[in-house]
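The values are calculated or read from the model by the stated rules, or taken from the named source; none is laboratory data. Predicted model, so just to flag it, every value in this text is computed and none were measured. Reconstructed Cβ throughout: ideal geometry from the backbone, glycine too, with neighbour counts over all protein chains shown. Keep in mind that these areas ignore ligands, DNA and RNA; they rest on the heavy atoms of the full protein, side chains included. Shrake-Rupley method; radii C 1.70, N 1.55, O 1.52, S 1.80 Å.
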Amino acid sequence: MPGMKPISEAHVAQPGLAVVDVVACNEQTAFVVQELLAGRWATASADRATRVPGEPGVRLRCYLDVRQELGSQL
């Protein structure tokens, strides 16, 4: 995605790790999507969204570990 750092191999080095790029019409919508993901899985969340000049909407990136479903006992 333009304007975002490249994804590091460490972020997807094992099964169950994922990088999610959210593109939404506004920051409020992007953060709601991030909250929904964080409510289910261990998530490293973004603290701000970015705009790319000349492109619609806002973008944010979060990192998920879907091996760790919240509320489950490991």
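Just a few scattered comments:
- Answer residue from segment 32-57, given it is out of contact with any strand residue (DSSP E or B) (no Cβ under 6 Å at 6 or more places or on another chain) and aliphatic (A, V, I, L, M) and is modelled with the lowest pLDDT among those: Val52
- Hits in segment 39-57 (condition: of a type outside the set (Gly, Ala, Ser), under 24 Å from Arg67 (Cβ atoms) and open to solvent by less than 80 Å² (accessible area, probe 1.4 Å)): Trp41, Thr43
- Residue in segment 9-17 that is at pLDDT 90 or above and in contact with a helix residue (DSSP H, G or I) (Cβ under 8 Å, 6 or more places away or on another chain) present: yes
- Looking only at residues of segment 18-38 that are under 11 Å from Leu60 (Cα atoms) and assigned to a strand (DSSP E or B), we find that the one that is most open to solvent (accessible area, probe 1.4 Å) is Val23.
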